[in-house]
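First the structure, in the form of structure tokens, and then the observations on it.
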Amino acid sequence: MTTPSVSAPGSPQGFDELERAEISRMFGRVVGVRLIALPLALPLLVWVAWVEPALWRRVVVLGVAVFIPLFFVSEVFRYRAHGLRRYGVELNIGLAAFVQLLVTGATGALESPLLYLTVLLSLLLGVFFAPRALAVLVGGQVAAVWLFAYLEASAAVRDLIPELLGGGPGAGRLNGHLWSTAIATSVALAAGAA
């Protein structure tokens, strides 16, 4: 897992350093923007945990609501003290992909409004990860999508879809919709990472 270099053979001298400096600058901006977004996202997560009756969903959502700010703030301090560290971009994108799948699962799996962020993250994974690591990470995303489809179709988790989204115990499921969503999302993930 290394930050990609788009330099072609015969690139001008110093190109790699310039590229690294630009990636570091962009990373610094992203780290700062995330702190600005926290006051918008955290109340929403806390509200979901407050109004949803499923205890497991409350635990997951509140756990994420505690973890994300701690990680974001630590990244700001780390970046300000040391700049962009080796594998900093990869760590952040990989962790974002994992946490996004966790939150997607907790907010309705394939019915979650956050499912489509998975494709955006696969695009970022495709840019910043070497082929082997990329295959593992996107493979994990695809596996999670199919796990979501199975859990919904089998009703293994009775309250997988939040009541806020029309779910809850006994909510009807359309299996054709689930499987077609799983197929389309899997294709989008693979294409996005390519």
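The values are calculated or read from the model by the stated rules, or taken from the named source; none is laboratory data. A quick note: this is a predicted structure, and the numbers were derived from the prediction, not measured. Every residue, glycine among them, receives a Cβ derived from its backbone with ideal geometry; neighbour counts consider all protein chains shown. Side chains included, ligands, DNA and RNA excluded: accessible areas come from the protein's heavy atoms. Shrake-Rupley method; radii C 1.70, N 1.55, O 1.52, S 1.80 Å.
Just wondering, is there one or more residues in the stretch 127-140 that are at negative phi, under 14 Å from the mean Cα position of the chain (by Cα) and not hydrophobic (A, V, I, L, M, F, W, C)?
yes
How many of the residues in the stretch 47-79 are more than 16 Å from residue 96 (Cα to Cα), without any contact (Cβ under 8 Å) to a residue 40 or more places away in the chain and surrounded by 14 or more Cβ atoms within 10 Å (Cβ to Cβ)?
Going through the stretch 47-79 one residue at a time, the tally reaches 4.
Condition first: open to solvent by less than 50 Å² (accessible area, probe 1.4 Å), part of a helix (DSSP H, G or I) and touching a residue at least 60 places away in the same chain (Cβ under 8 Å). Now tell me which residues in the stretch 103-127 satisfy that.
Those that are open to solvent by less than 50 Å² (accessible area, probe 1.4 Å), part of a helix (DSSP H, G or I) and touching a residue at least 60 places away in the same chain (Cβ under 8 Å): 110, 118, 119, 122, 125, 126.
Which of the residues spanning the stretch 9-44 are closer than 14 Å to residue 83 by Cβ and of a type in the set (S, T, N, Q)?
24
State all residues of the stretch 128-138 that are open to solvent by less than 40 Å² (accessible area, probe 1.4 Å) and assigned to a helix (DSSP H, G or I); if no residue qualifies, say none.
128, 133, 134, 138 - these are the residues of the stretch 128-138 that are open to solvent by less than 40 Å² (accessible area, probe 1.4 Å) and assigned to a helix (DSSP H, G or I).
What number of residues in the stretch 80-95 are outside any loop (DSSP other than H, G, I, E, B) and open to solvent by less than 30 Å² (accessible area, probe 1.4 Å)?
Total satisfying the criteria: 6.
Scanning for something hydroxyl-bearing (Ser, Thr, Tyr), open to solvent by 40 Å² or more (accessible area, probe 1.4 Å) and at pLDDT below 80, does the stretch 8-29 turn up at least one residue?
So far as the stretch 8-29 goes, yes, one or more of its residues are hydroxyl-bearing (Ser, Thr, Tyr), open to solvent by 40 Å² or more (accessible area, probe 1.4 Å) and at pLDDT below 80.
Checking residue 56 against (1) under 15 Å from the mean Cα position of the chain (by Cα); (2) within 26 Å of residue 182 (Cα to Cα); (3) not charged (D, E, K, R), which single condition isn't satisfied?
(1) is the only condition that residue 56 fails.
Do we find that residue 158 is assigned to a loop (DSSP other than H, G, I, E, B) and surrounded by fewer than 14 Cβ atoms within 10 Å (Cβ to Cβ) in this structure?
Answer is yes for this residue.
Starting from the stretch 1-23, take each residue that is closer than 25 Å to residue 136 by Cα and list its partners that are at pLDDT 60 or above and among the aliphatic types (A, V, I, L, M), counting only C-beta distances under 7 angstrom and pairs at least six apart or across chains.
1/130; 1/133; 2/130; 3/23; 3/89; 4/127; 23/84; 23/89
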